[in-house]
Every structure is written in structure tokens, then in C-alpha cells.
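The values are calculated or read from the model by the stated rules, or taken from the named source; none is laboratory data. Note that this is a predicted model, so its numbers are computed, not measured. Backbone-built Cβ (ideal geometry, glycine too); neighbour counts: all protein chains shown.
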Amino acid sequence: MQSACPGPADSRRSSARTFGQGGSAPRRPRLDLDFEEIFGRRLPIWAGGITLAVAGVFLVRYSIEAGLLTPVVRVVLSFLFGLLLLAAAELAYRFEHRVADERVRQALAGAGLATLYAGFYLAGSQYGLIGQTVAFIGLAAVTALAITLSYRFGLPSAVLGLIGGFAAPALVGGDDANLPLLTLYLALVTAGLTLTGNRQQRPWLGLSALIGGLGWGALLLAAGEFTTGDLLALGLYFVALGAVLPAILSNEGFEQPMRLGAAAIASLQLAFLVESGGFSMLGWGLYALLGAALAWFGWSRPSLRIASAMAAAVAIILLSFWAGAPPIEFALVASALVCIFALVPLLHIWRADDRLVDRLMVAAVPLAVGIVTLYLFDTLYPDATRPWEAAALMLLAGIPALAASKGWHSDENAQLPLQLASAAVLAFLSTACVLHWSAAPFAAAGIALGLLHLLHDRASNDDRSATLLRIGALATAIMVPATDGDLHEMGALVSGTASPDILAAARWLAGAAPAAALAWLERERWHRAVAEFGAAIMLFAALAQLLMPVALLWCAAVLVIGLRWKLPNRDMAILGLTACMFGWAALPILAWLVGTVSAAGGKPLLLPDLPTIRSTLGYLLPFAIALAAGSMGIESKRARPAPQWTAALAVAVIAAHILYRHIFAIDTMTDFIDRGLAERTVWEALLLAAAWLFAKGVGPLKPNIRAAAMLAGLSVAHFAWFTGILHNPLWAAQAVGSIPLANLALACTGVALGGLLSLRIWMPQWRRWIDAMVMIVALLGAISLLRQLFAGTILANTSIGQTEDLLRSLIGIILAAAFLLVGSHRGERSWRVGSLVLMIATVVKVFLFDTAGLEGLLRIASFVALGASLIGIGWFYSRQLRSPEASKENVQSQ
């Protein structure tokens, strides 16, 4: 009689339940590793089953070693022992209430099945008592028995069925194995284990069976050299393992990855089988069967459609390896693949049951099949006309086009641009099959403009559509040079054309059309700028096919002026034309630079070293005009001058310098001696005159002090380097003229002083340095004029006499006094300091050099004159320092 009071165990359970109440989440079950549970209850039974099997093995071994049992007896006893163990398992099952532990029957059943496997293996392979076929049938029967008993005895029977089922062919296999029968057996074993795993809620069993089946598939493929029956059996086997069995597999955790993996592996194995079979129609038919099976299951299970996409990818790759394919057979296979992997997804789209993979397959599969077709049959070979391929490609283009039309009004169809792109590429390839290569840009332009017409509204809100339009314009532009077979049209860009080529010009205009349309409709700033730039380059290239180089550049300059006048916001189009013009102007500029750099190093710049008048007027001048016109619209938007304006001024100066040098025509060194100084002096004067024009402003041009200072500085720098240092008439052979005073020595000095005094006005921050340069130039000019009185036109031809040397000292004293007067009059200390420096230098010269060669009265007179001059300058200087203006200026300078 049970007590009403709860026992200790009941109290613990009750308290545990009470503790768990109160709305708290239930605790997760904890793994309880109890020593008695493991070593007292669980392990002994399993160890007993294993021990029985081992005992049977040792018993058989003992009987063999003792010679008690013949092979026939051993096999019979193994069968009897296995059946006895199965009978014991059945008794344990029937008397479960007495045994009270299901592991007893599981251990007995497992040992019995293992013994039966061993019996058939010994009878067939070890002793040869029965044939391999009978042994194989026996093993298959044991496998079927194991799968059946797993429903009654549980896990061990299932495991033995799995291991034994896939091990049986290896245990009794031979070189003359029947491949169709073997694949049938493996398919049945895999299917039985998969269904058993689903029925017994053991998903790992079906998963393991699929892995084993696919593994056997790889082993069977390694054998090679298949007959027609073998090919058919293996193909059906791969279809079953790649599509049918994964579809019925029930595994929540690994169901989808396993299905995709099985489909991928089976597709690869079947592809290898097709290749091994010489791409026979039977092999392709089996692959089509696999695709059809995947499409069938994907119809009701959208998650399986990814497996179909994987099979499609493998099929297209396999198709590309079919070299030398018969056209009719290839057409049948390609049509079947398109129907399975493209038309079926199109049906999903049409019935509004599509997924992302369907929309991608509709776009990718037809395009891939079309490209493979062109590749295998050399369809795009120049001058080849292939109407059948053209028709096929146009039909393929209809598939993504239909998909795009179906999803045209759907905002969820993000793959619509991809579908249109696929249709556009296929349509272009279709035209390439029947048109000459020179017509390719027209076809590409037509397709690109069609896409632009369809998508320009959508592109404003859809980046994918906008990207498609940009790619279409770019592809059309690339198509023009890509189809220039002999590079004749490209050569016209760099060397000009002798006669107009209307077809070539039309090709380049066709290439420019999509970019121009895109530039007109594009709303995004940077993409519009790129389209403008590309369209301008293509337009220039089109003109290059019609016009001679000089006419080409002047036409481009007129276009730049027109764009700046009528379309002032198209800056990138102007930049594109100007960039093309630079390609022609670069060589003359480079030739001028090379010549001037050599001249700056001391080598005279002769006429043969300069560009011709034609290239100067035909290339440099229009380029400078285009730069200036291009900078006009930018100038008003910037506080500082645009870089284009500075570049235009530089190019204009280069062109003017080249033309100016052609006027003097200095061809030889004799010409350089006779006219070199005159040429430099007039050039420096022209630069100074241009500087004053910019400073004052002429007509519509506003005053530009920056440009004026740059030109004046260039004039002074030119004089300082070339006339003052490299080719100074005082030490270089340069003709100054035979008339005293009225000669080039006075002219070049005057121009240099004019440039320095102009810079003094426009750049007051550099006044002191400019004053020092003025005094140096004046001194050199005076010495040059003095030297001309004694030497004539070539100052460096004769040596300096004593009288000339004394007069040089006198000039120094006179100039020092003049500088002092200027400084006193203007109240500028820099001039007075310059006067002192010159006076000290003159005194040092007189004492150290001039008086050294004099004697008698000449020496006395020299010292008297020098002393009187020093006293007079010192007296005058001291009076200047006492003046209020000088004192104030000294204070400011400190």
C-alpha cells in the first residue's frame, strides 16, 4: 500500500517543479554524465554484442587453425550463427517486457547481420564456394534485410545496412562487373536508405547515403571506356542522385545545401560522362534529363531552382568544349538546353512565380549559349555571312526581351537592365553575323539609342538602368576603333587624310551618337561631363576622316568658339575638342621646346630647328584660339584667371616666337652673328609692347596686370640670359652696328631698361631688386657703347686699350653720380646705395688697375681727377643725407 506522504525523490521532483514556476523560462536539458549509467547500464550491453561477434571470429579462427572445420562447414556455421543471433534478437523483441532494454535486441541483430555479411564474403571471395554474382546477390539481400530490420531493431541495423550496402560491391567486385546492374543496385541502396532515414527521422542516414552514392559515381567514372548500356545506366544513376533523391530528402538543417551540392556534383559527373562518351546524343540526352528533372522539382519547389542554375552553368561550360560539333546535333542540344534552362524560367516569370535565379537565368543562359555558338563555329570571322546563326541569335534575344517586357511595369524587377543588356548584346551579335565589320558601329549605335529611348525616364531613378545606358554608349564608341581593321581611320587622327572618307566619318559619327544623346539627357554632373568629353573626341575623329590637318584644326577651333557662344555650359565638350587639338599641336610645341632648351644651353637656335610656318599657323594658332575661347566662359566664374587662359597665352607666345624667327631667317652661324642681337632685341621689344597692351586693355579685353607682368618679365629674362650672359656682345661675336651710339647696344639696353621699369610699376613689392638690375643694365649698356667707339660692330674682336680703360672708370664715376641724383630726387635709398657701390668699385679699379700702367703726368692727372670726383660726390652725398626727405627714407628703410 502506497504511503500518502511523498518520499524524498518525490519531494525533490515537487520542489523542482515549484521552483520552475512563476513565469520563468524552462531550463535547457543538461547532459548528465553519470558513472553508473554509462559503465553499468549502457556500455555492457553493447560490449556484449561486440564480444559475441569477436567470439564468433575467434571460434572460426580456432577451428581453421586446428583443422576441425572445412571451408564449407565454416560458411554454413557462419550463416547458422548469424541466423541464430537474429532469432535471439527477435526473441528479445517479443519478450521486451522481460528484457526491459531495447539495446539487447539491437546488439544481437547487429552481430547477426555482421555475421551474415561475413558469411557471404567468405563464400564468394575467400573460398570461391559460390560465384561472385551469387555472393553479390546475397550481400544485397543482407543489405535489404538490414534496412528492413532497422524498422524493428533500430540504429545498428541501419548503420550496418549503410556500411554493408556500399561496401558489398567492393567486397565481391571484379574486372568484369556488370555496370548497369551495379548502378541499379547502388541506386536502390541509396534510395532505400534515404527513405528509411526519412521514415525513422534519421536525416543523417539519407545524407550519408547520398554521399556514398555520389562517391561510388566518381569511382565508376574513373573506370572509363563505357559501352552504350553503361552510358545509359550511369546517366540515369546520376539523374537519380542529382535530382530525384535529393528532392525527397528530409533534413531541415542540411536539406538545401545537400540538394544543391548533390545537383552540382551530379552535373559535373554527368558532364564528365558526356565528354567521355564523345559528346554523343545519348550523353546529352541524359544531361537534358537531369536538367528536366531539376526543372520539374523546381516548378513546385522554388528553392530547388538554384540547383537548376548550377546545372545550366556546367552545361554551358561543357558545350564550349564540344569542338568540331556537327551543326545539326549542336543545334538540337543547344535548343534543348535553352528550353530547359531559359524557357522554363521565362514561364515562371510569365506566371508571376519567379525568383531572382529565374530572372538571372533568363538573361544569362541565352547570352552564354549565343557566345558559345559564335566561338565554336567561328561565326565572326571577317567577311563571313551566317544567316542561320543570325536568326538563332535573334531568337535567343527574344527570351530576355520577353522577360523584360513582362516585368517592365514592375518596380521589383531589378534585373530588367540585365535582361535588356542580354537582349541587346544578342541582337548586336546577330547583326554581326550578316553585316560587314565596317557596319558594326551603326548596329551598335542603333541598339544603344534604342535602349536610351526605352530607359531614359527610368534611368533618372534607377542606377542600374543608367549604368546600362553608359555601358552601351561606351561599347559603341569602342566598337569604332575595334573594327578599324587596317588602322586606316586611326592613322588619320595622327597623320591626316589625303582624301575624304565618308564611310569612315559616318562610322565615327555613329560611335559619337549615343554619347552625345547621353550627354544631352544625363542629369548627373560627372557622367554628363564624361559623355560630353567622349562625344567631342568622336566628333573630332569623324572630322579627321574628311579634312586635311590644317583645315581640321581650324574647324575644331570654330566648333570650340561656337560651343562657347551657343552652349556655354558644355565645358567638357570644349575640353575634349581642345585635347584632340593638343595632339596635333604637341609636336610643334615639343620641337620648339627642344630648340629653346638647346638655345638656353648656349647652342644658337637656327631656323631648321624650329617648326614650319604651316605647322605654326595650322596647328599652334588654332590651338591657342581654342584655349582662349574655352577660357572665356570660365573666366567670369573665377576670381583668378583660368589655367586655359594662361596656356593660351603661352601657346600664342610660342607661335609668335616661331613666326618671328622665320622673319629673320637665321639659317647659319654667320646669320646668327650678323642678325642674332637684332633678332633678340626686336623680340624683347615686342614682348614689352604686348605687356603694355595687356596692362592698358585693348578693345573688349580688360586690363590684365598679371599677364602684362609675365610678358615683361619674359622680355627681361630673355635679355638677361641670352644677351646678358650667353651672347653678350662684350665677349661673344654679335654685331651691334657700325654707327656710334645709334646701334643695337643702345637699343637692347633701352628695351631691357624699359622692361625693368615696367616691372617696377606693376610689381612694386620687388622694387629694390628691380632698381639694382636697372643700375647693372645701365652700366653694361654704357660700357658696350664705349666699346663700340673703339672696336666697331663686333665688340669682342679687338683688345681694350689704355684710353678706353680710363674712360670706363670715368663712365663709372658719371653713372655713380647719376644714380645718386636719381636717388636724391626720388628719395629712394636703393639708388644711393647703388651709387656708393659703383663708386667704390670704380675707385678700386683705378687704384689697382688703371694707375698701374700710367707714369708721369698721366698718373698725376688720374689721381687728381679721381680725388676731385670723390670729394665732390662725398660733399654731394653728405648734403643729401642731411635733407629731411633722406632722413625720413632712412628711417623707413631701417
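Things to note:
- All of 705, 725, 776 fail the test of being under 18 Å from residue 787 (Cβ atoms) and under 53 Å from the mean Cα position of the chain (by Cα), apart from 725.
- The single residue among 755, 724 that is crowded, with 22+ Cβ neighbours inside 10 Å and under 25 Å from residue 775 (Cα atoms) turns out to be 755.
- Within segment 269-281, not a single residue is at pLDDT below 85, farther than 21 Å from residue 221 by Cβ and among the hydroxyl-bearing types (Ser, Thr, Tyr).
- Those residues of segment 426-451 which are farther than 20 Å from residue 487 by Cβ, of a type in the set (Gly, Ala, Ser) and touching a residue at least 60 places away in the same chain (Cβ under 8 Å), in sequence order: 445, 448
- Conditions (1) of a type in the set (A, V, I, L, M); (2) crowded, with 24+ Cβ neighbours inside 10 Å; (3) within 22 Å of residue 407 (Cα to Cα): number failed by residue 343: (2)
- Residue match in segment 239-252 (condition: over 36 Å from the mean Cα position of the chain (by Cα), at pLDDT 80 or above and crowded, with 16+ Cβ neighbours inside 10 Å): yes
- Complete set of residues in segment 580-612 that are in a loop (DSSP other than H, G, I, E, B) and either within 30 Å of residue 532 (Cβ to Cβ) or among the hydroxyl-bearing types (Ser, Thr, Tyr) (or both): 612
- Neighbours by Cβ (under 8 Å, 6+ apart or cross-chain): first from segment 727-746, on the phi > 0 side of the Ramachandran plot and surrounded by 17 or more Cβ atoms within 10 Å (Cβ to Cβ); second outside any loop (DSSP other than H, G, I, E, B) and hydrophobic (A, V, I, L, M, F, W, C): 737/744; 737/745
- Where helices (runs of 4 or more DSSP H) fall entirely within segment 303-385, those with at least 3 residues that are more than 21 Å from residue 425 (Cβ to Cβ) and either touching a strand residue (DSSP E or B) at 6+ places or on another chain (Cβ under 8 Å) or not β-branched (Val, Ile, Thr) (or both) are at 305-320, 327-338, 344-350.
- Those residues of segment 775-801 which are farther than 21 Å from residue 676 by Cβ, at pLDDT below 85 and touching a Leu at 6+ places or on another chain (Cβ under 8 Å), in sequence order: 786
- Check on residue 575, buried (at least 20 other Cβ atoms within 10 Å of the Cβ) and of a type outside the set (Phe, Trp, Tyr): no
- Filtered residues of segment 661-705 (kept if part of a helix (DSSP H, G or I), hydroxyl-bearing (Ser, Thr, Tyr) and in contact (Cβ under 8 Å) with a residue 24 or more places away in the chain): 681
- For segment 300-310, the criterion of a residue being touching a residue at least 12 places away in the same chain (Cβ under 8 Å), crowded, with 24+ Cβ neighbours inside 10 Å and under 34 Å from the mean Cα position of the chain (by Cα) is satisfied by at least one position.
- Selection from segment 297-350 of residues that are under 20 Å from residue 363 (Cβ atoms), in contact with a helix residue (DSSP H, G or I) (Cβ under 8 Å, 6 or more places away or on another chain) and among the hydroxyl-bearing types (Ser, Thr, Tyr): 308, 320
- Residues located in segment 206-238, provided they are closer than 25 Å to residue 296 by Cβ and at pLDDT below 70: 206, 207
- Note on segment 578-595: among residues that are over 18 Å from residue 539 (Cα atoms) and free of Cβ contacts under 8 Å to residues at least 40 places away in the same chain, the one that is surrounded by the most Cβ atoms within 10 Å (Cβ to Cβ) is 595.
- Scope segment 745-773; condition hydrophobic (A, V, I, L, M, F, W, C) and over 57 Å from the mean Cα position of the chain (by Cα); matching residues: 745, 746, 747, 748, 753, 772
- Condition check for residue 873: at pLDDT below 70, of a type outside the set (S, T, N, Q), assigned to a helix (DSSP H, G or I) and under 18 Å from residue 775 (Cα atoms): yes
- Residue 507 being touching a residue at least 12 places away in the same chain (Cβ under 8 Å) and farther than 20 Å from residue 583 by Cα: yes
- Taking first residues from segment 361-377 that are closer than 15 Å to residue 332 by Cα and touching a residue at least 24 places away in the same chain (Cβ under 8 Å) and partners that are of a type in the set (Ser, Thr, Tyr) and assigned to a helix (DSSP H, G or I), the Cβ contacts under 6 Å between residues at least 6 apart in sequence or on separate chains come to 372/320.
- Hits in segment 297-313 (condition: of a type in the set (A, V, I, L, M, F, W, C) and over 10 Å from residue 340 (Cα atoms)): 297, 299, 304, 306, 307, 309, 310, 311, 313
- Where a residue in segment 760-775 is under 24 Å from residue 812 (Cβ atoms) and its partner, wherever it lies, is in a helix (DSSP H, G or I) and of a type in the set (S, T, N, Q), with Cβ under 8 Å and at least six apart: 767/830; 768/830; 771/830; 772/830
- Residue within segment 490-508 that is farther than 16 Å from residue 443 by Cβ and under 23 Å from the mean Cα position of the chain (by Cα) present: no
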